[in-house]
Structures are given as C-alpha cells and as structure tokens.
Amino acid sequence: MTVNHIIKNALDRFGDPVRAVDYKPKDNNTERYYTFNYTSFGTAFSDDMPGYEKYLLWVHFFCPTKYDSVQRVKDTIRALHNAGTTWAKAINASDSEGQHIVFECEMTMEVTDG
C-alpha cells in the first residue's frame, strides 16, 4: 500500500474530500476538506541501498471559521497515528478566510524489491 492510500484511507472516514497535493473544491458547498503532501528519503542504508523510506508528512485540514474543529483535530491526530504515523503536531495556520490546521508527522516504510 502506498503512502497516498494509507493517508486517504485514514481520513476518508470523516466523510470529507481527501486529496494529495493542492486541491481546491470546485463545488462551493464543500466547506471541509483535507489535502496532504510529503517529502521522502532513504534511511538505514546497507550496501548502498536504503532499508526504509522515511516520509515527512503534512496533512492540511480546511474548514469554515464558524466550525468547531477542536474534536476533529483530536480525531485526525488519532486516525493518522492508527494508520502508522508518528503522533502528529497540529499547527493552526488559520486566517480570515477560514481555518487551516496543519498536521506534521512522519511515517517509515520498508523498501522492498519490485
């Protein structure tokens, strides 16, 4: 399973759109949604090959200013952790246009042949 599938599966249960990279809903009725991006690099090298791929993940949750996001933030952190990430740090990057919560976490996956 890819990192994209893992993150999407972890967050789909909330019923809001979940998309990799940049996403802006075309439907103006979509008030809440997630996007995510990541950087990856090899680690635990042996014979010039990485044993693992480490992913530095940023998951973004967007919602209206009026939405009470406190429980959703807690639930998102738990969902990501249950999917195999480290415990996420939640950063409030909101502005006058709406709430924007950034979750920073990591995930490591074994590198396999094929």
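The values are calculated or read from the model by the stated rules, or taken from the named source; none is laboratory data. These figures come from a predicted structure and were not determined experimentally. Don't worry about glycine lacking a Cβ; one is built from the backbone with ideal geometry, like all the others, and counts go over all protein chains shown.
Picking from residues in segment 72-114 that are charged (D, E, K, R) and over 24 Å from Val3 (Cα atoms), the one that is modelled with the highest pLDDT is Asp95.
Determine whether Gln71 is under 19 Å from Arg19 (Cα atoms), polar (S, T, N, Q) and free of Cβ contacts under 8 Å to residues at least 40 places away in the same chain. When the stated conditions are applied, Gln71 does not pass them. Among the residues of segment 92-107, those identified as without any contact (Cβ under 8 Å) to a residue 60 or more places away in the chain, surrounded by 13 or more Cβ atoms within 10 Å (Cβ to Cβ), assigned to a strand (DSSP E or B) and more than 10 Å from the chain's Cα centre (by Cα) are Gly98, Gln99, His100, Ile101.
I need the strands (runs of 3 or more DSSP E) fully contained in segment 7-71, keeping only those with at least 2 residues that are modelled with pLDDT of 95 or more and either farther than 16 Å from Met107 by Cβ or of a type outside the set (S, T, N, Q) (or both). Steps first, please.
Details: elements: 18-20, 33-46, 49-63.
Because the criterion is at least 2 residues that are modelled with pLDDT of 95 or more and either farther than 16 Å from Met107 by Cβ or of a type outside the set (S, T, N, Q) (or both), the strands (runs of 3 or more DSSP E) in segment 7-71 that meet it are 33-46, 49-63.
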